[in-house]
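Asker: Below is the structure I would like to discuss, written out as structure tokens.
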Amino acid sequence: MEERISRLRVPEEAELPEDIRELFERNRAKPGFVPNVYRAYSLRPAALRGFLALYDGLMSEESGLSKAEREMIAVVVSAQNHCHYCLISHGAALRVRAKDAALADTVATNYRAAGITPRQRAMLDFAVRVTRASAEIEEAELEALRGHGFSDEDIFDIAQVAAFFNYSNRVASALGMRPNSEFYGMAR
């Protein structure tokens, strides 16, 4: 019997629109499996398409933040929110991007103890502020980020990535999404 990946019904692949089935096939080719979040979101194909468009834009497009730094934000926000799915899946992605399993695991458990730069620490502190108290952020906090060399575009990217993962963490946790077993062993 297949393990349940969501508290809600997960559609059979044959009933999905062609573009979603093609997406699943591309994932089977690389990275070798369909992420359970895609399968769970396929209950609403338009939601999956929107989710992926925003995710790809935030995590893959040109930015002053490296892809590893964006994964650090995803992991730190997911740790703050106790999101099992995203901690496991983005912890794996951070191990791949950073090429450092110990760093990724430390960021997941306590980023303040991780061997990161002061610039990255400021970035992650701001991501936590976005997560815990975004309405209380003041201009001085943005100036502090600028003092670490972040441009306004970079600050926008930090806020966007943090906000996106706050959203996705809440959906994943509310629906009890379970990470694929493949994530646990990636880049170890």
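Each reported figure results from applying straightforward, stated rules to the coordinates on display, with no laboratory input. Just so it is clear, the model here is predicted, and its values are computed rather than measured. Every residue, glycine among them, receives a Cβ derived from its backbone with ideal geometry; neighbour counts consider all protein chains shown.
Asker: Taking the number of other C-beta atoms within 10 Å as the exposure measure, put Lys30, Lys99, Lys67 in order starting with the fewest.
Answerer: Lys30, Lys99, Lys67
Asker: Counting Lys and Arg as +1 and Asp and Glu as -1, each charge on the Cβ, what is the dipole of the stretch 38-164 about the Cα centre in debye, to the nearest 20?
Answerer: Roughly 680 debye for the stretch 38-164.
Asker: If contacts are Cα pairs under 8 angstrom and at least 6 residues apart, what is the relative contact order of the chain in percent?
Answerer: Answer for the chain is 32 percent.
Asker: Determine the calculated [θ] at 222 nm for the chain from helices alone, applying -39500 (n - 2.57) to every DSSP H run no shorter than 4 residues and normalising by the residue count; nearest 500 deg cm²/dmol.
Answerer: About -21000 deg cm²/dmol.
Asker: Hey, fewest Cβ within 10 Å first, where do Met72, Met59 land in order?
Answerer: Met59, Met72
Asker: Calculate the FRET efficiency for Ser181 and Glu138 from the Cβ-Cβ distance with a Förster distance of 35 Å, rounded to the nearest 0.05.
Answerer: Computed FRET efficiency for Ser181 and Glu138 comes out at 0.20.
Asker: Explain nothing, just compute: Karplus ³J(HN,Hα) = 6.51 cos²θ - 1.76 cosθ + 1.60, θ = phi - 60°, for every residue of the stretch 153-170 in order, whole Hz, x for Gly and Pro.
Answerer: Listing the rounded values in order: 5, 5, 4, 4, 5, 4, 4, 5, 5, 4, 5, 4, 6, 4, 4, 5, 4, 5 Hz.
Asker: Let me ask something else about it. Counting Lys +1, Arg +1, Asp -1, Glu -1, what net charge surrounds Ala140 among other residues with beta carbon under 12 Å of its beta carbon?
Answerer: The answer is -3.
Asker: Quick one: 3J(HN,Hα) in Hz for the stretch 14-29, Karplus 6.51/-1.76/1.60 with θ = phi - 60°, rounded, Gly and Pro as x.
Answerer: The phi angles translate into 4, 8, 7, x, 4, 5, 6, 4, 5, 4, 4, 5, 4, 6, 5, 6 Hz.
Asker: So which GluC sites (Glu not before Pro) in the stretch 39-108 pass both tests, a DSSP loop state and at most 16 other Cβ atoms within 10 Å of the Cβ?
Answerer: Answer by residue number: Glu61, Glu62.
Asker: Would you please give the residues with an amide H less than 5 Å from that of Asn180, counting only those at least 5 places away or on a separate chain, with H modeled from the backbone geometry?
Answerer: Asn36
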